[in-house]
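Below: the structure, in structure tokens.
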Amino acid sequence: MLINIFSLVKIIDFNSSDWKNGRATWYGGPQGAGPDGMSIYTGSCGYGKDLGNHFVTAVQTDGGYDYGLTDECGKCIEVVCVNGPTRGFEWSELGKWAGCQEPAVKSVVVKITDSCPCNHPNEGNKRWCCGDREHLDLSYAAFDQIAIRHRGVVDLKFRPANCADQGKVISYY
């Protein structure tokens, strides 16, 4: 019996209009707070520990550090790490040093539970959340699925997803 292996392969179609360009950093840790003191349990959306799992994200907002800053709370998105203007190419802002585990191959579905406010005491927010493109601050767990944590910041493609898939890791080849 002959099997056509090409029928088993999934490929990301980034030409599809539902994919957007963005950038991501990470925050939090297994107990909630990460090295910067920011916790996945104290998000602007007010979920507390009722997150479903640790695959969550904060979205860029123009407001200050306060609850209820985003009307995106509870929505889910699929994110995939790609080489781009921030890192991964000779011409990238942070150089050719890759931040993706496997660029444009693996994605993860995250739920929006927090905001990444531009006006925040954390100086990193001013650099990334006030930036020149849409920004997601992924939880440590989500970032680790698609990127190399010590690189700190990566480029993304992202699109809306079904929240029943929160935490799902998808491999494209």
Quick check: is even one residue across the range 113-133 touching a Lys or Arg at 6+ places or on another chain (Cβ under 7 Å) and either at pLDDT 90 or above or among the aliphatic types (A, V, I, L, M) (or both)? no
Within the range 11-42, restricting to residues that are of a type in the set (A, V, I, L, M) and farther than 17 Å from residue 143 by Cβ, the one that is least open to solvent (accessible area, probe 1.4 Å) is 12
Selection from the range 134-165 of residues that are open to solvent by 30 Å² or more (accessible area, probe 1.4 Å), at pLDDT 90 or above, of a type in the set (Asp, Glu) and more than 16 Å from residue 56 (Cβ to Cβ): none
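The values are calculated or read from the model by the stated rules, or taken from the named source; none is laboratory data. Quick caveat, the model's predicted, so the values are computed rather than measured. With ideal geometry, Cβ positions are generated from the backbone for all residues, glycine too; neighbour counts draw on all protein chains shown. For the accessible areas, the whole protein counts, side chains as well, though only heavy atoms, and no ligand, DNA or RNA atoms are used. Shrake-Rupley method; radii C 1.70, N 1.55, O 1.52, S 1.80 Å.
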